1. Any idea which of Ser235, Ser211, Ser152 is buried (at least 18 other Cβ atoms within 10 Å of the Cβ), under 22 Å from the mean Cα position of the chain (by Cα), modelled with pLDDT under 95 and closer than 21 Å to Gly289 by Cα?
2. When you scan the stretch 280-307, how many residues do you find that are out of contact with any helix residue (DSSP H, G or I) (no Cβ under 9 Å at 6 or more places or on another chain), in a helix (DSSP H, G or I) and either of a type in the set (Asp, Glu) or within 27 Å of Gly144 (Cα to Cα) (or both)?
3. Mind telling me which of the residues Lys179, Lys226, Lys276 ends up being surrounded by fewer than 23 Cβ atoms within 10 Å (Cβ to Cβ) and within 26 Å of Thr74 (Cβ to Cβ)?
4. Among the residues of the stretch 315-341, write down those that are of a type in the set (Gly, Ala, Ser) and at pLDDT below 90.
5. Filtering the stretch 185-205 down to residues that are under 26 Å from Glu280 (Cα atoms) and either of a type in the set (A, V, I, L, M, F, W, C) or buried (at least 23 other Cβ atoms within 10 Å of the Cβ) (or both), which residue is modelled with the lowest pLDDT?
6. Return only the number of the condition from (1) touching a residue at least 60 places away in the same chain (Cβ under 8 Å); (2) surrounded by fewer than 23 Cβ atoms within 10 Å (Cβ to Cβ); (3) of a type in the set (A, V, I, L, M, F, W, C); (4) within 20 Å of Pro231 (Cβ to Cβ) that Trp168 does not satisfy.
7. Check off (1) in contact (Cβ under 8 Å) with a residue 40 or more places away in the chain; (2) more than 21 Å from Phe66 (Cα to Cα) for Asn215 and give me the number that stays unchecked.
8. Spot the failing condition for His254; the list is (1) under 26 Å from Met140 (Cα atoms); (2) within 24 Å of the chain's Cα centre (by Cα), and only one is missed.
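The values are calculated or read from the model by the stated rules, or taken from the named source; none is laboratory data. Computed from a prediction, not measured in an experiment: that's the story for all the values here. Cβ atoms come from the backbone with ideal geometry, glycine included; neighbour counts cover every protein chain shown.
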Amino acid sequence: MTKFTLAALAAATTALTGAAALAQDSTTLRIQTHYAPETVSGQLAQEFFDKVELMSNGEIQIEAFFSASVVGPTETFDAAATGILDCDMTGAGYQTGKNPAFQFVGDIMGGYDTPYQQLSWLYFGGGREAADPLYNQYDMQLVGWWIYGQESLVSTSPIAGPDDLQNWKFRSPPGMETKIFEKLGASPIVMDFTEIFTALETGIIDGADASGIANNVGLGLYDIGKHTNFPGFHSMPSDHLACNKAVWDAMPEHHQQIMLTAMDSLALRTALTFEKSNAEAAAQLAEEGVTIYEWSPEDLQTFRDAAQSTWPEFATTPEAEALVEAHLEYLGQLGLVSGSE
């Protein structure tokens, strides 16, 4: 074999090895969120996508779908699990029909006061350890949470306190929220996130549980509903990033770590951004003539009592029981509940 042939063979081997390494270190993810790109959450999601691609030096490429443009918000989880998408960037609360345990990683309701408390449960209160088996059971992997804080309601009529909830027809996500508000006299109607604006505009509903007050502004909901509440109290959903487990397991470890680190950054930036954006949105709405209600401590306790009395009704599977127990233990440590309820 000549020196030239040996050199050519070595060069070819190096090229093939390099190509194999490049293929191994290349990840493409199709990720869907239900948020519109112009909302604050949509903008934060885009920042996350950009940051992942930059941190990975382009090894991770993300094909992003906003406004639930591939499948509906409630179908995103299954679309990722079955390979239509790779990752779901909506929230676990949409999956309570599969297992009520998803309620307690999606939105416990009437529990934590701030995003920081709820995030600390995931990291330090046994939350991830309790949630992983639940997600894995459905061939998904929980990557992380991003929590924008307490949501604000939108209404075409006053919502100054629990008395105003009597016969109040409003859009509700599926799950525990419907039971809580029924106890308070409201008439929740489960409908898709993308249908809220039209339903408000046509009078099908009197109000909506959509998102945080800043996101509600971005959705244009206060063009129709001139009543809201701030600070919020009823719901603080943990939007998640959850990926197809086979896709996740096939990713190089350094890609997984980039995703996890970027989610940590997204979680902090989301909480901090909405601390500011929600206050600005409330001030803007007040100037525009939207009536803003702040519920009294007594009224807030009325809601908290209704919510916490509903938790056991949804803790009907071993996974749900384990999650409720983990929450109650941690809420007790934080002084937000007195012992096991």
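1. Ser211
2. Qualifying residue count for the region: 4.
3. Criteria check complete, one pass: Lys179.
4. Start the filter on the stretch 315-341 by keeping residues that are of a type in the set (Gly, Ala, Ser), which leaves 315, 320, 322, 326, 332, 335, 338-340.
Residues satisfying the conditions are Gly335, Ser338, Gly339, Ser340.
5. Phe193
6. (1)
7. Status for Asn215: all satisfied but (2).
8. (2)
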